[in-house]
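Rule-based calculations on the coordinates, nothing more; no lab input. Just so it is clear, the structure is predicted and the values come from calculations on it, not from any experiment. No Cβ is skipped: glycine too gets one built from the backbone with ideal geometry, and neighbour counts run over all protein chains shown.
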Amino acid sequence: MPASLCGTWEMISNVNFEGYMIALGISTYLRKIAMKLKLKKVIEQHGDKYVIKTISAFRTYSVSIRVDDEFEEFTKGLDNRHVKSLVRWEGKKLVCTQTGEKKNRGWTHWIEDGKLHLELHCEGQVCKQVFKKNVNE
């Protein structure tokens, strides 16, 4: 069984975020803002449903998923696209494949060494983020 992803997580590293945003077609202005933000992740599980929130001083993005159920997602506040998302467990990793206008798009969450890892990918660009668990939990 995979380790629980649930909790509040604070970003400690963010590699190639700008390259990833360029692949998504995010404007220079918004990229400059996003590069300065310290992100927080809040992951909750309610039965067979996960709620994943990405929180910053600029905005919050929340997605509710059920593993193995494809769903329509509007990435409002990110790159504002409609995609079809499918999330599934691959070993100990929670993997999302998104189909739509951009190719090879998706993300992967997993726990390693007590930290939450997130790999975002789109059109050959890969962003690697690492989060530590909030000590107040």
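Observations
- Within the same chain, aspartates and glutamates fewer than 8 places from Lys128 are excluded, and of the rest, those with a Cα less than 20 Å from its Cα are Glu10, Glu18, Asp79, Glu90, Glu112, Asp113, Glu119.
- Trypsin sites (Lys or Arg not before Pro) within segment 1-36: DSSP coil, no more than 12 neighbouring Cβ in 10 Å: Lys36
- A simple spin-label model places the labels of Ile22 and Val63 2.3 nm from each other, with each point 7 Å out along Cα-to-Cβ.
- Inter-centroid distance (Cα atoms) of segment 79-137 relative to segment 1-64, Å: 9
- The length gained on full extension between Asp48 and Thr99, counted as 0.36 nm times the residue separation minus their Cα-Cα distance, comes to 16.1 nm.
- Remark: segment 56-106 carries a charge dipole of roughly 220 debye about the Cα centre, counting +1 on each Lys and Arg Cβ and -1 on each Asp and Glu Cβ.
- Per-residue ellipticity at 222 nm from helix content only, as computed over the chain with -39500 (n - 2.57) for each DSSP H run of at least four residues, stands at -3000 deg cm²/dmol.
- Cross-link pairs exceeding 18 Å between alpha carbons, from the set Lys36/Lys133; Lys41/Lys93; Lys38/Lys93; Lys38/Lys103; Lys40/Lys103; Lys36/Lys84: Lys36/Lys133; Lys38/Lys93; Lys38/Lys103; Lys40/Lys103; Lys36/Lys84.
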